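Only one structure is covered here, and it is reproduced in the block below.
Read-outs throughout are calculated quantities, based only on the coordinates presented, and are distinct from any laboratory measurement. This one's a predicted model, so the numbers in the text were calculated from it and none came from an experiment. All Cβ positions, even for glycine, are placed from backbone atoms using ideal geometry, and neighbour counts span all protein chains on display.
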Amino acid sequence: MERSELGSEQRPLRVAVIGSGPSAFYAVEALFKTERLHCRVDVFDRLPTPFGLVRGGVAPDHQKIKSVTRIYEALAADPRFRFFGNVMLGRDVRVGDLDALYDRVIYAVGNEGDRRLDIAGEDADGVHSATAFVGWYNGHPDFAGLSFGLDRAERAIVVGNGNVAIDVTRVLLRAADELAVTDIADEALATLRASTVREVVLLGRRGPAQAAFSPKEIQEIAALDGVEVVVDPVDAALEPVSEQWLETAAPKSARRNVEFLQGCPVEPRDPGARVVRCVFRASPVEIVPDPGTGRVRRVRVQRNELRPAADGTPRPRGLDEWFDIDAQLVFRAVGYRGVPIDGVPFDERAGVIPNADGRVLREPGGNVMPGHYVVGWAKRGPTGLIGTNSPDSKATVAALVADLTGVTAAPLSSDEVEAMPRLLRSRGVRYVDYDDWCRYDAWERAEGARSGRVRAKLTSVDAILAQMDALRGAS
Ligand code: NAP
């Protein structure tokens, strides 16, 4: 049979995108916008719901950020788009299946794990990853039913100075009534209402100039009703290494963070306030549990000085100086990390899918795995805001399109579009489509509206599937 150019009208390109978060949708957008490219895109998610970290990561009190899904919804309405929810690569389908049914695969699987501190006591009761806490308050099925003991703690330590640390801190301290109108999980709201946490120590291993949080984010916390941000002037002060870095290489946000932090009081002005205490140049070295209960009692912390690395970036170096902070809860918010998927190459050291400009490599620095591409955090690691994924996905799609030059393919069979649904049915996979999601989405919003909330989420995959079934039957 006569072959045609791959991606032409005669022989459209079939693409599987694994994952349905921002990087996935920006890849879909880039494919749809590529001139003269004829394509069909199937997007897979292991959950029955799309949008990845926008649904399960962005904090519920940041609805404006979550509204980015409108862009994704418009893309999903395109007839070239299909969604296969509740389908997990490595469990329900294998890389070999994708190779058989698609011309190209784009991994948009994010970073589903988290980095550890690797210190003694890290597994004590009361020590949690920010990933788990964030997933839990967002109603992510992986984290439903977790218990954080917020009603047995007065002080929490959040390790890390990124925007995730800020989200955790803000949700811990924000008035529950303000969270009640959002799409926060019911269970999380009830637990936060009963929380006795009055102080969060935000622990940064480097100085105020190197804090990774956005100025807007730390300032938002300080503007909350009944919450104050405090910093010891010794911690807020800059040493010569940071002074020089601020003059030369630091991002603009660094100066704004320093100015803000240096303007914070040393103790709360209102003694009844809930407090965020920023502690800088300090690393946790041991989490000490109570010998009786096994629950966190205090954290041993080492003072750091900053030393310039070869490129001038200030790096922390431990000093011969230690102190303790009493706390009943510890959250590590020191970054995410990719999780390996069966059949997909993985760079253990970097925690990402090894790639060269988005082309998947069989091993770090190795040969290209033809036809396989990667976008988002799975490509570059856990950095950047949602919008960062747009140019990043475009770049990968540009590589994919460039690689199509001169490639031809045999015609597709007439019922080719049925191939994936047929495979899933034959394996008994209970997959859902985009219409299922749309009906369920409308239901969540309507349920939420009944109690003045943005939406009400079900937090188990089975419950979501059952609700989708019921709505399908009723439609
Ligand atoms: P991040 O921005 O990379 O911050 C990680 C923090 O952990 C840094 O302060 C880092 O310090 C610290 N850290 C790493 N290892 C440590 C260790 N062993 N001990 C002590 N501290 C350690 O990562 P993230 O907060 O997970 O956020 C991921 C991305 O999502 C970021 O780009 C973030 O901006 C984005 N995000 C944005 C929002 C928003 O816009 N509202 C919300 C959430 C997340 P060093 O700097 O010293 O390495």
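Set against the 2.2 N^0.38 Å expectation for a compact globular protein, region 219-348 has a Cα radius of gyration ratio of 1.31. The region of the chain that goes longest without hitting one of the GluC sites (Glu not before Pro) in a DSSP loop, each with at most 13 other Cβ atoms within 10 Å, is 155-347. When the alpha carbon gyration tensor of the chain is reduced to an equivalent ellipsoid, its three semi-axes come out at 42, 27, 19 angstrom, largest first. Scaling the Cα radius of gyration of region 300-366 by the globular reference 2.2 N^0.38 Å produces a ratio of 1.70. Based solely on its DSSP helices, what 222 nm [θ] is calculated for the chain when runs of n ≥ 4 H residues each add -39,500 (n - 2.57) and the sum is averaged over all residues, nearest 500 deg cm²/dmol? After summing the helix terms and dividing by residue count, I get -9000 deg cm²/dmol.
Under 30 Å of direct C-alpha separation, and excluding same-chain neighbours fewer than eight residues apart, residue 216 reaches these lysines: 64, 66, 252, 379, 394, 457.
The alpha carbon convex hull volume per residue for region 197-279 rounds to 82 Å³. With both residues required to sit in the chain, DSSP beta bridges show an antiparallel share near 40%. Per Stokes-Einstein, at 25 °C and 0.890 mPa s, what whole-number D in µm² s⁻¹ belongs to region 78-157, with the Kirkwood radius over Cα pairs as the hydrodynamic radius? The estimated diffusion coefficient comes to 148 µm²/s. Look at where the Cα atoms of region 15-48 and of region 92-126 average out, and the two centres are 19 Å apart.
Mean projected area of the Cα convex hull of region 319-475, taken over all directions, amounts to 17.7 nm². The ellipsoid equivalent to the alpha-carbon distribution of region 255-324 has semi-axes of 26, 23, 9 angstrom, derived from the gyration tensor eigenvalues as √(5λ) and listed largest first.
Projecting the Cα positions of 408, 241, 93 onto the charge dipole of the chain (unit charges on Cβ atoms of Lys, Arg, Asp and Glu, taken about the Cα centre) puts 408 furthest along the positive direction.
Please state the shape class of region 339-405: rounded when a/c is under 1.5, otherwise prolate if a/b exceeds b/c and oblate if not, all from the C-alpha gyration tensor. It comes out oblate by the Cα gyration axes.
Amide hydrogen proximity for residue 295: with H placed 1.01 Å from N in the peptide plane, the residues at 5 or more positions away or on another chain lying under 5 Å are 290.
Note on region 289-354 and region 178-240: Cα centroid distance 19 Å, given to the nearest whole angstrom. Counting every Cα pair in region 126-254, what percent are over 25 Å apart? Taking all Cα-Cα pairs of region 126-254, the fraction more than 25 Å apart is 29 percent.
Computed on the Cα atoms alone, the convex hull of region 2-86 gives a volume of 87 cubic angstrom per residue.
Cross-link partners of residue 33 among aspartates and glutamates, defined as those whose alpha carbon lies under 13 angstrom from its own and excluding same-chain residues fewer than eight positions apart: 78.
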